[in-house]
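What follows is a short report on a single structure.
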Amino acid sequence: MALRTTTTERQRRLGVELKKLREDAKLTAHEGGALIGMGRVHFTHVEGGNTAISAERIRTLCTSYGVTSSTYVDALVDLAEPSGKGWRNGYKGQIPPSAIDLAELESKATDLRSYESLFLPGLFQLEEYTRSIFQASDAVTTSEGIESAVRFRMQRQDVLTAGGAPTVHAVVHEAALHMRFGGAKVMRRQLLRLVELAELPHMTIQVFPFTADAVSALTTPFCHIGSHGGALETVLVEHPAESMFLHGSESVAKYRRQFDRLSAAALPPIDTAVLTVKQASRDSLGLIQHILYTLQEARS
């Protein structure tokens, strides 16, 4: 039994799910291991994400635990599959593990719902915008590290145009539209990129204006990730010190409600097919156009 020296979010999540299923079935770790001919210690390591488990054994456990959803079982089996030699593996040791975990989650996502307060979502960022963020922070301290971080973020964006791309719904606070990462010229191009992305059929982008009624959900930026056909849900809560991945049912439901409140209080989504002047009320595109005008003035 080889134990992993480090575990990914995918591996930890599989262990958490298997432990929850066992506890719901009111079985001990000894009894759960016995179902698949595995000792208690070995089985505990499986539930801790510290060692691998075969697809056959996962299916046996799910049958014994009374799991009836084939979609959910298939999702667990997929979590057990090795990640392979994908592009993300080339960044190990260069990029924080949490960023690699996020990219892996995005690759399996069926829907993404995010709230950002001071930055535009990473999947929307231009290269110059991203580089300016890393240059202004102490998260990366060398020029080589900055360039690796920029390349990694740009490759993450391939998920938006790949086959089976997830539906994306983003609520961005107006403050993020005024932060001039890279200067006025870069920000103007970045906001135009935001409008361009909003034209994709699977993309919804809203702006939360300064003038909106107070919403208690205005907290730390987060992203709700639905994957494997919705069988699994994860919430990434961003924090300068360390990002957290949450997948408990109560935590997921809490952030789902928060996003719904934010979306309801935000301006109508960017829609280039509708002229702003014909809108009965202010919309996200109109606000972006106003900020674009101020950026143009700043350049002149």
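The values are calculated or read from the model by the stated rules, or taken from the named source; none is laboratory data. These numbers come from a predicted model, not from an experiment. We place every Cβ from the backbone using ideal geometry, glycine too, and count neighbours over all the protein chains shown. With ligands, DNA and RNA removed, areas are computed over all heavy atoms of the protein, side chains included. Shrake-Rupley method; radii C 1.70, N 1.55, O 1.52, S 1.80 Å.
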message: Nearest 5 percent is fine: what portion of the DSSP beta bridges confined to the chain is antiparallel?
response: 55 percent
- prompt: When all protein chains stay in place, what accessible area (Å², nearest 10, 1.4 Å probe) is found for Y65?
  reply: 30 Å²
statement: Between E127 and S249, Cβ-based FRET efficiency (R0 41 Å, step 0.05) works out to 0.60
task: State in Å² the accessible area per residue of the chain; use a 1.4 Å probe, count heavy atoms of protein chains only, and round to the nearest integer.
output: 50 Å²
message: I'd like the carbon and sulfur percentage of the solvent accessible area for region 6-59, probe radius 1.4 Å, heavy atoms only, ligands and nucleic acids excluded.
response: 53 percent
task: Quote the relative contact order of region 138-266 in percent (integer), defining contacts as alpha-carbon pairs under 8 Å separated by 6+ residues.
output: 21 percent
Sites M154 and T63 - FRET efficiency at Förster radius 51 Å, r taken between beta-carbons, to 0.05: 0.75
- prompt: Can you give the extra length, in nm with one decimal, that the chain gains between Q135 and A162 once fully stretched, where that is 0.36 nm per residue apart less the Cα-Cα distance?
  reply: 6.8 nm
statement: The alpha-carbon center of region 1-77 and that of region 190-219 are separated, in whole Å, by 40 Å
- prompt: Each residue of region 44-52 in turn: what ³J(HN,Hα) in whole Hz from Karplus with 6.51, -1.76, 1.60 and θ = phi - 60°, glycine and Pro shown as x?
  reply: 5, 5, 4, 5, x, x, 8, 8, 7
- prompt: Between rounded, prolate and oblate, where does the chain land on the alpha carbon gyration tensor, with a ≥ b ≥ c its root eigenvalues, rounded for a/c under 1.5, else prolate if a/b exceeds b/c?
  reply: prolate
message: If I model a spin label as a point 7 Å beyond the Cα along the Cα-Cβ vector, how far apart are those points for E147 and H178 in nm?
response: 3.6 nm
message: Just to confirm the number: angle between the C-alpha axis of helix 97-108 and the first principal axis of the chain, 0 to 90 degrees, nearest 10?
response: 90 degrees
- prompt: Gain in length, T294 to S54, computed as 0.36 nm per residue apart minus the alpha-carbon separation, to one decimal in nm?
  reply: 80.6 nm
field: Segment A264-L200, extension gain: residue separation times 0.36 nm, minus the distance between their alpha carbons
entry: 20.9 nm
- line: Within the chain, excluding any trypsin sites (Lys or Arg not before Pro) found in a DSSP loop (not H, G, I, E or B) and having at most 13 other Cβ atoms within 10 Å, the longest uninterrupted segment runs 86-300
field: Over the chain: helical MRE at 222 nm, DSSP H runs n ≥ 4 each giving -39500 (n - 2.57), nearest 500
entry: -14500 deg cm²/dmol
statement: Under the Karplus relation with 6.51, -1.76 and 1.60 and θ = phi - 60°, whole-Hz ³J(HN,Hα) for region 244-255, x at Gly and Pro, equal 10, 9, 10, 9, x, 4, 5, 5, 4, 5, 4, 6
- prompt: So which aspartates and glutamates can K19 reach, going by Cα to Cα under 16 Å and dropping same-chain residues fewer than 8 places off?
  reply: E9, E31, E47
